[in-house]
Amino acid sequence: GTEPATDLVASLREVAVRHEALSGTRVAVVCPDDLGHLGAELIGAMRGAVTEALNNAAKHGRAANVTVFVERAGDGVFVSVKDDGVGFATGDTDDGVGLARSIRARMREIGGRVEVESTPGSGAEVRLWSR
C-alpha cells in the first residue's frame, strides 16, 4: 500500500503533473496560503474530486488549460477547478457518473458541497468546499 497524503497542495500538484502527462492539458495549482494540518480523509476526498474534475475538463470540455485554486475557508478548504474548455449548459445536462460519484459523493462523505458553473463557449468551474 501507499502512505496517505498529508499535504493537500503537494497531493494536488502530483495529480496535476500526472494529468498533464496523460492528457496534454496544462494545469496550474495556485495556493496563496499555508493550509495547515488537514486530515487524510479530507485530502483523499479532495484529491479524488479534483482528479475527476480534471478528467472531465479534458475529456468533455476539451480544455487546454485548467487552474486549480486552493484556500482555507473557515475550518475547511475551498478548491476551484476552472477550465477554458467548450463549456456546457448546466440546466440541460444531468450529472454523469463521474460528477455524481467521483465528485459529489466524495464531498458528501466529508460533509462538503459542490457547485458547478458553466456556459457554452466559456469553460466550466467546479467549486468544492469541505467542512
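Side notes on the structure shown:
- Tally, over region 43-64, of residues that are closer than 12 Å to Leu8 by Cα, in contact with a Ser or Thr (Cβ under 6 Å, 6 or more places away or on another chain) and crowded, with 21+ Cβ neighbours inside 10 Å: 1
- Residue check for Ala89: surrounded by 18 or more Cβ atoms within 10 Å (Cβ to Cβ), touching a Ser or Thr at 6+ places or on another chain (Cβ under 8 Å) and of a type in the set (A, V, I, L, M, F, W, C): no
- Restricting region 103-123 to residues that are charged (D, E, K, R) and in contact (Cβ under 8 Å) with a residue 40 or more places away in the chain, the residue that is most open to solvent (accessible area, probe 1.4 Å): Glu109
- Ala63 more than 19 Å from Ala105 (Cα to Cα), in contact (Cβ under 8 Å) with a residue 24 or more places away in the chain and touching a helix residue (DSSP H, G or I) at 6+ places or on another chain (Cβ under 9 Å): yes
- The set of residues from region 92-102 being open to solvent by 80 Å² or more (accessible area, probe 1.4 Å) and either at pLDDT 65 or above or basic (Lys, Arg) (or both) comprises just one member, Arg101.
The values are calculated or read from the model by the stated rules, or taken from the named source; none is laboratory data. Computed from a predicted model, the values in this text were never measured in an experiment. Neighbour counts are summed over all protein chains in view; Cβ atoms, including those assigned to glycine, are modelled from backbone coordinates with ideal geometry. Heavy atoms of the whole protein, side chains included, go into the accessibility calculation; ligands, DNA and RNA do not. Shrake-Rupley method; radii C 1.70, N 1.55, O 1.52, S 1.80 Å.
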